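The values are calculated or read from the model by the stated rules, or taken from the named source; none is laboratory data. What you are looking at is a predicted structure, and each value in this text was computed from that prediction instead of being measured. All Cβ positions, glycine included, derive from the backbone under ideal geometry; neighbour counts span all protein chains shown. Only protein heavy atoms, including side chains, enter the accessible area calculation; ligands, DNA and RNA are left aside. Shrake-Rupley method; radii C 1.70, N 1.55, O 1.52, S 1.80 Å.
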Amino acid sequence: MLLPAYNEAASLPKLLQKFHSLRRDYEDLKIVVVDDGSQDETAAIAESFSEVLDVKVIRHGENKGLGCAMMTGLQWICEKGTPNDVVVTMDADDTHDPNHIPAMLKKMNEGADVVIASRYQQGGEQVGLSQYRRLMSWGASTFLSVLFGLEGVKDYSSGYRAYRVGLLQQAFERFGSQFIEARGFDCMAEILLKLRPFRPQFAEVPLVLRYDRKAGPSKMPVLETVFQYLFLARKAARLDDRS
C-alpha cells in the first residue's frame, strides 16, 4: 500500500485501523506512508501503528505536492519490490474504502497490469462531493479520454489504483526522474499516460467515493488543477507527435 499524506492526522487512524482488519486476509500487507511535509502529527500517528502493521514512513521536510509524494513512494517500492508484486495507491483521508481491494486484486489475477477504482463504472458513486467538483472530475476524465482513449480507462484522475510493480519498474527505467513530473493532482493522469508505451492492460472496478468522511477541507486548488490538466494534455500530445 502507498498512502501519500499531507495533514491527515484526523483521518489516518481510521484508515489504518481498517487495514489492521484487512490484514487477516493479506498477511504480507505492507504500508508505505509518504508524509509530504505535514504540519500536524500525521507521521507520528503512522509510526504509532508499527506495532500492529508493517508500516514504513518516509518524510518530506516540506510540502512538495502530490506528484512528488507519489514519485517518492513508488520509487522506494520499486527499489524494494519484485516485478510480480502489486502496489495499491489510495488517498490517506479515509475517502477510499479498503474493501474495494479484493475486487482490484481479482482483476490483477485475471491479467490486468493496472486496476483503477473508478467512479464512472456501473455501481460507482460519489458521496458528499459538490456538484462543481463532480463536474470538474468528470470533465477532466472525459477530456483525456477523448484525446488519448486508453482502453479500459474511464476515470483518469482517481488516486485509488493497483499497479503491477514490474510495470512501474519499466517506467522508472525508461523515464527515470521524469516519470512523474507533475506536482499536483494531475500526476494521476500523467502516470497513466507515461505507462502507455508499455501497452499495459487496464481495468476498472466501481468506486464508492466517501467524501463525506473527509475530516478537513479539500486540498485541491480547483482552477489551478484545470490548467494543470490542460498543460498535461498539450505536453502528452506533443510527445505523441514526436513518436
Inset, instruction - Those residues that are more than 16 Å from residue 107 (Cβ to Cβ) and open to solvent by 50 Å² or more (accessible area, probe 1.4 Å), I need them from the stretch 150-172; list them, please. - result: 170
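Please specify each residue of the stretch 30-56 satisfying the condition of being open to solvent by 50 Å² or more (accessible area, probe 1.4 Å) and either assigned to a loop (DSSP other than H, G, I, E, B) or among the charged types (D, E, K, R) (or both).
30, 39, 40, 41, 47, 51, 52, 54, 56 - these are the residues of the stretch 30-56 that are open to solvent by 50 Å² or more (accessible area, probe 1.4 Å) and either assigned to a loop (DSSP other than H, G, I, E, B) or among the charged types (D, E, K, R) (or both).
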Inset, instruction - Could you please let me know if residue 176 is out of contact with any Leu (no Cβ under 8 Å at 6 or more places or on another chain), over 30 Å from residue 26 (Cα atoms), at pLDDT 90 or above and open to solvent by less than 50 Å² (accessible area, probe 1.4 Å)? - result: yes
Inset, instruction - For residues that are touching a Gly at 6+ places or on another chain (Cβ under 6 Å) and closer than 22 Å to residue 136 by Cβ, scanning just the stretch 185-206, find the one that is surrounded by the fewest Cβ atoms within 10 Å (Cβ to Cβ). - result: 206
Inset, instruction - Among the residues of the stretch 102-115, write down those that are open to solvent by 10 Å² or more (accessible area, probe 1.4 Å) and either farther than 21 Å from residue 169 by Cα or in a loop (DSSP other than H, G, I, E, B) (or both). - result: 102, 103, 106, 110, 111, 113
Inset, instruction - Could you tell me which residue of the stretch 2-29 is surrounded by the fewest Cβ atoms within 10 Å (Cβ to Cβ), considering only residues that are assigned to a loop (DSSP other than H, G, I, E, B) and either on the phi > 0 side of the Ramachandran plot or in contact with a Gly (Cβ under 9 Å, 6 or more places away or on another chain) (or both)? - result: 10
Legend entry - Any hit, the stretch 88-102, residues being farther than 24 Å from residue 13 by Cα and over 15 Å from the mean Cα position of the chain (by Cα): no
Legend entry - Residues of the stretch 116-149 satisfying the condition of being loosely packed, with under 13 Cβ neighbours inside 10 Å, touching a Leu at 6+ places or on another chain (Cβ under 9 Å) and either farther than 13 Å from residue 209 by Cα or among the charged types (D, E, K, R) (or both): 125
Legend entry - Of all residues making up the stretch 90-120, the number that are among the polar types (S, T, N, Q) and touching a helix residue (DSSP H, G or I) at 6+ places or on another chain (Cβ under 7 Å): 1
Legend entry - Residue match in the stretch 57-70 (condition: at pLDDT 95 or above, within 17 Å of residue 163 (Cβ to Cβ) and not in a helix (DSSP H, G or I)): no
Inset, instruction - Look at residue 104 and say whether it is at pLDDT 95 or above and touching a Pro at 6+ places or on another chain (Cβ under 9 Å). - result: no
Inset, instruction - Filter the stretch 121-149 down to residues that are in a loop (DSSP other than H, G, I, E, B), in contact with a helix residue (DSSP H, G or I) (Cβ under 7 Å, 6 or more places away or on another chain) and on the phi < 0 side of the Ramachandran plot, then give me how many there are. - result: 1
Legend entry - Among (1) touching a residue at least 40 places away in the same chain (Cβ under 8 Å); (2) under 18 Å from residue 36 (Cα atoms) - the single one residue 119 does not satisfy: (2)
Inset, instruction - Tally the residues that are out of contact with any strand residue (DSSP E or B) (no Cβ under 6 Å at 6 or more places or on another chain), over 22 Å from residue 192 (Cα atoms) and of a type in the set (Val, Ile, Thr), restricting the search to the stretch 34-85. - result: 2
